[in-house]
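Worksheet: the structure to be examined is printed underneath.
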Amino acid sequence: KEKKVMHNFNAGPSVLPRSVFEQASKAVLNYNNTGLSILELGHRTKEFQAIMDEARSLVKELMNLDADHEVLFLHGGASTQFMQVPMNLLNENETAAYADTGVWSSKALKEAKLYGNVKVVCSSKEANYNFIPKDFTVPGDSKYFHITTNNTIYGTQWQSIPKVDVPLVADMCSDIFSRQRDFNSFALIFAGAQKNMGPAGVNLVVVDKNILGKVDRALPTIMDYRNHIKEGSMLNTPPVFAVYVSLLTLQWLKQQGGIDAIEKINNQKAEMLYSAIDNSTLFQTTAVKEDRSKMNVCFVMKDPSLEKQFLDVAEQHGIYGIKGHRSVGGFRASLYNALPLSSVNYLIEVMKEFEKNY
Ligand code: PLP
């Protein structure tokens, strides 16, 4: 029986290279010939310490971080960071600025309101979040300015990072390690691992240690970033498997040539797909052209009654996960790092074939 080739365009969780899944599977049975599963290996052993150390230092290397920026692997999804960020950075009588560019931004700012004042300096909500606002000012007394670099649901992305005079905080869940940014210009970056980096269950947090320790409130031990820094990201039992698989993906990324190299391929993938959509008579994108995401390509059909048929055809061709999020409809092709260029080519062929037949 012929093996079905799957082209994984799913928005998450975890679109990782096959080689990483293979290595991870072996490690579940027998990690590095220890005779022990990676899941049962003590987290205080030298073997696991080496995994944690290498994962943290590879993040530093790949993101070209300076000595002030600490790398942590913390429990919980990115949603935990929606709370942990203001808890650590914002006093009750102070204000944080937020850009509202989608559901994840609005969820983040909702949590911040529990800890201090929130000023929404811009929003694209009225346009169903199909663009990134350009005209706004961030008050100079804001404790920080929070942006979501890539809006997974709406397929928009900040193409350049706004220049502001206050510490910049970014949710990079869905474009982490996919493109270069000046990562040192951020005071804090967080990302749930589960798209470009590893399995769900671990957050990457990159934090400039100089912004910590300035709030008055008593912080629960586990919520205080400084405790995690002090303990080398091993304050309590870390999500060992998620950290290990993240390390494998980071090693893979380094072998590919790092962020510069993967960004070139990601640009190519996005350009190919957007140009196929722009040149088609059936499909059109939902996001404003200049803000279109290179990670999540959202598109619909000019005749919505054809969408179900196209989805069926795509599924028959082993194209997985392109149904759009319910708040946008249509389709979303996620082009994460591990998705090969050939899969994008294949999707384009299937779209063209469909167009010819209808
Ligand atoms: N932020 C962004 C940009 C996301 O895409 C997601 C999930 O897809 C989240 C936050 C929420 O992450 P989690 O489910 O890990 O809490």
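The values are calculated or read from the model by the stated rules, or taken from the named source; none is laboratory data. Keep in mind that this is a model prediction, so the values were computed, not measured. As a convention, Cβ positions derive from the backbone with ideal geometry for all residues, glycine included, and neighbour counts pool all protein chains shown.
What are the pairs with Cβ atoms under 7 angstrom where one residue, in region 294-315, is farther than 17 Å from Tyr274 by Cβ and the other, located anywhere, is among the charged types (D, E, K, R)? Sequence gap at least six, or different chains.
Qualifying pairs under 7 Å: Leu311/Lys323.
Given the condition outside any loop (DSSP other than H, G, I, E, B), touching a Ser or Thr at 6+ places or on another chain (Cβ under 8 Å) and surrounded by fewer than 22 Cβ atoms within 10 Å (Cβ to Cβ), answer yes or no: does some residue in region 126-141 qualify?
Of all residues in region 126-141, those outside any loop (DSSP other than H, G, I, E, B) come to 126-127.
Still in the running and touching a Ser or Thr at 6+ places or on another chain (Cβ under 8 Å): none.
Within region 126-141, not a single residue is outside any loop (DSSP other than H, G, I, E, B), touching a Ser or Thr at 6+ places or on another chain (Cβ under 8 Å) and surrounded by fewer than 22 Cβ atoms within 10 Å (Cβ to Cβ).
Quick one: in region 39-72, of everything that is among the acidic types (Asp, Glu) and closer than 23 Å to Ile189 by Cα, which residue is surrounded by the most Cβ atoms within 10 Å (Cβ to Cβ)?
In the first step, residues of region 39-72 are kept if they are among the acidic types (Asp, Glu); the result is 40, 47, 53-54, 61, 66, 68, 70.
From what's left, closer than 23 Å to Ile189 by Cα: 53-54, 61, 66, 68, 70.
Working: Asp53: 14, Glu54: 14, Glu61: 13, Asp66: 10, Asp68: 12, Glu70: 20.
Result: Glu70.
Let me spell it out: the conditions are (1) crowded, with 21+ Cβ neighbours inside 10 Å; (2) touching a Cys at 6+ places or on another chain (Cβ under 9 Å), and Gln157 meets all of them except one. Which number is the exception?
(2)
Within the set of pairs 6 or more residues apart or between chains, which connect a residue that is over 25 Å from His325 (Cβ atoms) inside region 147-176 to a residue that is surrounded by fewer than 19 Cβ atoms within 10 Å (Cβ to Cβ) and at pLDDT 95 or above with Cβ atoms less than 6 Å apart?
Sorted first by the residue in region 147-176, then by its partner, the pairs are Asp165/Gly140; Pro167/Ile211.
Tally time: how many residues in region 73-100 are within 10 Å of the ligand (Cβ to nearest atom) and either of a type in the set (A, V, I, L, M, F, W, C) or touching a Pro at 6+ places or on another chain (Cβ under 7 Å) (or both)?
We begin by selecting, within region 73-100, every residue within 10 Å of the ligand (Cβ to nearest atom); these are 76-82.
From what is left, the residues that are either of a type in the set (A, V, I, L, M, F, W, C) or touching a Pro at 6+ places or on another chain (Cβ under 7 Å) (or both) are 78, 82.
Final tally of qualifying residues: 2.
Going through region 251-290 one residue at a time, which ones are more than 30 Å from Lys60 (Cβ to Cβ) and touching a Ser or Thr at 6+ places or on another chain (Cβ under 6 Å)? Spell out how you get there, then give the answer.
The first filter runs over region 251-290 and keeps only residues more than 30 Å from Lys60 (Cβ to Cβ), leaving 271-290.
Those that are more than 30 Å from Lys60 (Cβ to Cβ) and touching a Ser or Thr at 6+ places or on another chain (Cβ under 6 Å): Ile277, Ala287.
Filter region 38-72 down to residues that are out of contact with any helix residue (DSSP H, G or I) (no Cβ under 7 Å at 6 or more places or on another chain) and closer than 30 Å to Lys214 by Cβ and give me whichever is farthest from the ligand (Cβ to nearest atom).
For region 38-72, the residue satisfying everything is Ala67.
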